[in-house]
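Okay, so here's the structure we're looking at.
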Amino acid sequence: MTTTATPPPVPLDSAASAARAVAALVAGGIVDVVVAPGSRSAPLAYALADAEAAGRVRLHVRIDERSAAFTALGLALGAQRPAAVVTTSGTAVGELLPAVMEANHAAVPLVVVSADRPGELRGTGANQTTVQPDLFGVHVRAGLDLGAGEDPTDPIGEALGAAVGRPADGVPTQPPGPVHLNLAYRDPLVPSGATRPAPATAPAAVPAAATGAPAPVQGQRNGTRTVVVAGHGAGELAAVFAAHLDLPLLAEPSSNARFGTSAIAPYRLLLEHLGPAITRVVTFGRPTLSRPVTALLARADVEHALYLPAPVAWFEEGRRTERIIDTLPDLLEFAGRGEDGWLRSWREAGATADAAVQSLLADEDRITGLHVADAVWEHTDGNLVLGSSNPIRDVDLVAATDWHPLEVFANRGLAGIDGTISTATGVALAAGIPTRVLMGDLTFLHDVGGLLLGSGEAQPDLHIVVLNDGGGGIFGLLEHGAEATTERYGAAVERLFGTPHTVDLAALAAAYGLHYERATTLEELDTAMERPIRGRSILEVRADRSTLRDLHARIRRAVADGVRSVAG
C-alpha cells in the first residue's frame, strides 16, 4: 500500500500573513490599534487600513513609538479591554519598553505587535535588524516570535488569552498584562491588491470584575479597631466594605474608592495621632503614595490582610508578609465591625484636619499645588488622570470625599512621570468621555511629544492642567530638601534634583495647535475649571516650589493642633 505524505503548508506572502494577524487580533477583542509608521511593518499597516475601512478596528497614528505605546496603554485603561500598538523593527521596538513595564506592574492588557526581518537576515548586519524576540523579558505574559510566511492565527489567539489572564484552558492563573507578538515579514511588503483581511468573529468580551455589597457573615467579630486601606485600583468595593463595617477608609485618589460615609480625606495627616490605636488593617488594591501608610503596613504589632480575589501583577508570590485572603466572607471575619466610636473618632478628627488645611490655604496669598488639586477634583465630572510626583499626592491630601470624578486613572504600576500626556489621550479617546489630566511641569515636558496628533487623527476632549513650579518640587519635600542636606549640597540638589527650566508653555501649546490659558488667581483657576471640556487645551498654573516644604510643615502643625484640641 502506498501512502502519500502530507505536503508542507504553502508559505503565506507578507500581505496574507498580516491580514490573518489582524483578523486574529480583531477576533481576540482588539478594537483600538495605535500604529507608528515604518517600512517593515507595512503589511500590518495595510491590513489594518482595510480593517478600519470595514469598521472592524479604530486606528490611531503616532510618529513617536513611546507615545504610541502609552496611548495604547491609556486606551486599554479607559475602555477596560486590550489595546494594541504596532511598530516597525529596530530601535522602534525598544521605545515601547517603558509602557510595557508599566502595563506589567499595573496588569494592563497591552498588546505589542512588532514587525521583524525574516530569519535569514537576522545576525547578518542587515539594516534595522536586532534581537527582538524576548526583548521585554519578564515584563510580558507571553512572547511570540513567528517566522515569515507562517500562519499567525492560532498563536495570536493564545497570546491574547494570556493578555487578559486567560490561558488556553480558560482558567485564570495569572493577572492580565502585556504580550509581545514579533512577526517577521519578507519582501514584498506592499499588497498586490488581491489580498483582503480574513473573516473574523465578534470581539471576545472581557469579563468585568464583580462588585457589590458584602453579605453579613455568621460569627463576624465586633468591636475591632480595624482600618481599610484602599490603594491604587482597589475599586468601589473597598468603600462599600468599609461602610458596611463602620471602619475608617484611607483611600488614595486612584483607588476609585474615595467616597462614602467611612472615607477620611486627610488620613495621612492623622496616622501620627490616631494610628497607634489601630490593631488591624485590611488592604484593597496597591498602596503607593504615602510614607505614613507604608509605615502602618510595616508595623509588627498590627495584623494585616490583603484582599486578593484574583492574581495580581504587582508583587511576587511569597514576598508579602500579610495574610492573603481571597473571599469576602473570610475578609469580613478578619476585619470585624468597628467598635463603638471608632469610626466617629476618625471622622471628627478628619473634619478638624480638613478645616485646618482649608483655613491655612485660604490665608495663602499665592496659588499652590494644593489649591490646584482641590479645584481639579471639585470641578471634574468626567474622567480624571493624575500625574505622578506631587500632583497625585496633593489630590490625596485635599480631595473631598463627598464628590468623585467619574473615574480616576494614574500610571501607578511603576509611578513614572513618562507617557502621562499620551496615557491621558488614550483614556479620553477610549470612550469619548471628556477627560482632565493634572500634572507637574516636568511630567508635561517629559511627554510633550504626546501632544502631536497628525492631521485627520481623532481629537480627544482633553484638558491638560500643568502646575508649573519651574522644576521638580517633590524633592524639596523629601530628605533632599532637609536643611542638613541643603546646607551642604544646596546648589547640587537644585541642579540634579530640582532640574530648573524656563520653558515657555504657551509657545509649546501654539506650536502643537492647542488652546492655552494661564491662571494667576483662584478666581481664574475656578473659571477655567468650570468651562466644558471640548477639544484639547492647556491650563498653566504657576507656583513657587521654594516655599513648599514650609507650607507642608505648617499644615502638619495646624492639623496636630486641631486634633489635640478635639481630643482634649
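The values are calculated or read from the model by the stated rules, or taken from the named source; none is laboratory data. Since the structure is predicted, the reported quantities are computational estimates derived from the model, not experimental observations. All Cβ positions, glycine included, derive from the backbone under ideal geometry; neighbour counts span all protein chains shown.
Details
- In this entry, ARG518 passes the filter for residues that are over 23 Å from the mean Cα position of the chain (by Cα), part of a strand (DSSP E or B), of a type outside the set (Phe, Trp, Tyr) and in the same structural domain as ALA430 (by TED's automatic domain parsing).
- Among the conditions (1) closer than 20 Å to GLY413 by Cα; (2) modelled with pLDDT of 95 or more; (3) among the acidic types (Asp, Glu), GLU317 misses just one, which is (2).
- Count of the stretch 369-420 residues which are touching a residue at least 60 places away in the same chain (Cβ under 8 Å), more than 19 Å from ALA239 (Cβ to Cβ), in a loop (DSSP other than H, G, I, E, B) and touching a helix residue (DSSP H, G or I) at 6+ places or on another chain (Cβ under 8 Å): 7
- Qualifying residue in the stretch 463-472 (condition: more than 21 Å from PHE409 (Cα to Cα), assigned by TED's automatic domain parsing to the domain that holds ALA399 and aliphatic (A, V, I, L, M)): no
- Of note, GLY235 satisfies the criterion of being surrounded by fewer than 19 Cβ atoms within 10 Å (Cβ to Cβ), farther than 25 Å from ARG564 by Cβ and either modelled with pLDDT under 95 or not basic (Lys, Arg) (or both).
- Only one of ALA295, ALA310 that is outside the structural domain of THR173 (by TED's automatic domain parsing), more than 26 Å from VAL385 (Cβ to Cβ) and surrounded by fewer than 16 Cβ atoms within 10 Å (Cβ to Cβ): ALA295
- From the list ALA76, ALA107, ALA49, ALA92, the one residue that fits, being within 22 Å of ALA428 (Cβ to Cβ), in contact with a strand residue (DSSP E or B) (Cβ under 8 Å, 6 or more places away or on another chain) and not assigned by TED's automatic domain parsing to the domain that holds GLY387, is ALA76.
- Unique match (being within 20 Å of ALA42 (Cβ to Cβ) and either touching a strand residue (DSSP E or B) at 6+ places or on another chain (Cβ under 6 Å) or hydroxyl-bearing (Ser, Thr, Tyr) (or both)) among ALA69, ALA142: ALA69
- Among the criteria (1) surrounded by 14 or more Cβ atoms within 10 Å (Cβ to Cβ); (2) outside any helix (DSSP H, G or I), the one GLU524 does not fulfil is (2).
- Here the stretch 480-500 is the region considered, the condition is being part of a helix (DSSP H, G or I) and in contact (Cβ under 8 Å) with a residue 40 or more places away in the chain, and the residue that is farthest from ASP441 (Cα to Cα) is GLY481.
- Of residues in the stretch 279-292 being out of contact with any helix residue (DSSP H, G or I) (no Cβ under 6 Å at 6 or more places or on another chain) and either buried (at least 20 other Cβ atoms within 10 Å of the Cβ) or modelled with pLDDT under 95 (or both), the one nearest to ARG166 (Cα to Cα): ARG286
- Some residue of the stretch 78-96 being farther than 26 Å from GLU150 by Cβ, touching a residue at least 40 places away in the same chain (Cβ under 8 Å) and buried (at least 24 other Cβ atoms within 10 Å of the Cβ): yes
- For the stretch 516-568, residues that are of a type in the set (Lys, Arg), under 27 Å from THR425 (Cα atoms) and in contact (Cβ under 8 Å) with a residue 12 or more places away in the chain total 4.
Rundown of residues vs (1) modelled with pLDDT of 95 or more; (2) under 30 Å from PRO460 (Cβ atoms); (3) surrounded by fewer than 18 Cβ atoms within 10 Å (Cβ to Cβ), yes/no style:
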{"site": "PHE475", "(1), (2), (3)": "no, no, no"}
{"site": "ALA484", "(1), (2), (3)": "no, no, yes"}
{"site": "GLU487", "(1), (2), (3)": "no, no, yes"}
{"site": "ALA510", "(1), (2), (3)": "yes, yes, yes"}
{"site": "GLY513", "(1), (2), (3)": "yes, yes, yes"}
{"site": "ALA528", "(1), (2), (3)": "yes, yes, no"}
{"site": "ARG536", "(1), (2), (3)": "yes, yes, no"}
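- Among the helices (runs of 4 or more DSSP H) confined to the stretch 262-336, the ones with at least 3 residues that are under 26 Å from the mean Cα position of the chain (by Cα) are located at 267-274, 291-297.
- Of the residues contained in the stretch 184-198, one or more are found to be assigned to a loop (DSSP other than H, G, I, E, B), among the β-branched types (Val, Ile, Thr), at pLDDT 75 or above and not assigned by TED's automatic domain parsing to the domain that holds LEU146.
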